[in-house]
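Data block below; observations after.
The values are calculated or read from the model by the stated rules, or taken from the named source; none is laboratory data. No experiment lies behind these values; they were computed from the predicted model shown. No Cβ is skipped: glycine too gets one built from the backbone with ideal geometry, and neighbour counts run over all protein chains shown.
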């Protein structure tokens, strides 16, 4: 790993910011040009060492080359900060032999800031700081500067490096927090998928169990060619049992700690009314509106719709605040089940996706090929809107 710059953190977003964040290459090129113009055209040769402009012709070719190298190398200050600092420090040392090179310290300070900002190895960063402090002290003594002037130069040099270092530490902490949030989200998704696998296991196993029972019963009612029908139904029953055992085995891989819960019918949209009654009893003023025909939904859609309503009402009960009202709207028209849960409480201050519940709802919708939208309502409060395709196609 390079000692110069910190590698970008995979999976993190570059935060919005100024031009040095959004267009780093162009900004560094512009910075190099500006520093070159400053160190060439400005000189502390006025009264009381005031800065004055000078003509380019007053600078020798050798001095121009030194200033050009010290300024131009700043273009690579992010990717090779230690190299850039070494070049600017060397140029600053060479400048001691030129009377017309007075402002080259600006390039060195920019490079020193880049060392603090982008070098992750604290040892090399400290060595660079020590080199800069030594140069400032020695050059000030050679110019017979006062103690106050030398102290100011030392403090300024240290401050430039320290600002860069603090910004680097803050960036590293932000990247670490981003990685932790991503890991937490992945963990929540894995837990939710395990729970979904358990419920799908129960639902599918229940349906397949019914198939095997019906296939077994069909053997006793076959009238035409009873022997062949009986044999065919026997094979169906046998295949059904094998499929059931294989399904349990495969889903058991997803659910290694199933705990042996009993199989049984799962909740669905028909149970939403009782669910709403439970939340009313818990203190949430909630209303229910159901539109469209009562369809025989696939079990996975029926269960997922119920769970989304349940989680949305749980969030409303937790975060909407006292006196809040919630509304549940269910529509089964067309090829989709549409679920809308609104509340008028203060839960809109919670960022979408900040909790495991929202992660779970979104995971359920996406696994069915549907969509989920959560967030603050324009008029206040919070909303959850889900569309689940009845036939399992993309919404």
Task: Subset of the range 114-140 (residues that are assigned to a loop (DSSP other than H, G, I, E, B) and touching a helix residue (DSSP H, G or I) at 6+ places or on another chain (Cβ under 8 Å)) - done: 119, 120
TODO: Mind checking which strands (runs of 3 or more DSSP E) fall wholly inside the range 333-395 and carry at least 3 residues that are modelled with pLDDT of 90 or more, surrounded by 15 or more Cβ atoms within 10 Å (Cβ to Cβ) and over 25 Å from the mean Cα position of the chain (by Cα)?
DONE: 336-343
Open item on the list: Taking the conditions exactly as written (touching a helix residue (DSSP H, G or I) at 6+ places or on another chain (Cβ under 7 Å), more than 30 Å from residue 61 (Cβ to Cβ) and assigned by TED's automatic domain parsing to the domain that holds residue 60), does residue 105 satisfy them or not?
Closed with: no
Open item on the list: One residue is enough: does the range 287-295 have a residue meeting the conditions free of Cβ contacts under 8 Å to residues at least 60 places away in the same chain and buried (at least 19 other Cβ atoms within 10 Å of the Cβ)?
Closed with: no
Open item on the list: For the structure I just gave you, tell me whether residue 27 is closer than 24 Å to residue 117 by Cα, modelled with pLDDT of 75 or more and surrounded by 12 or more Cβ atoms within 10 Å (Cβ to Cβ).
Closed with: yes
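Yes/no per residue for (1) surrounded by 12 or more Cβ atoms within 10 Å (Cβ to Cβ); (2) modelled with pLDDT under 85; (3) assigned to a helix (DSSP H, G or I):
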position: 176; (1), (2), (3): yes, no, yes
position: 180; (1), (2), (3): no, no, yes
position: 183; (1), (2), (3): no, no, yes
position: 197; (1), (2), (3): yes, yes, yes
position: 201; (1), (2), (3): yes, yes, yes
position: 206; (1), (2), (3): yes, yes, yes
position: 216; (1), (2), (3): yes, yes, yes
position: 220; (1), (2), (3): no, yes, yes
position: 240; (1), (2), (3): yes, yes, yes
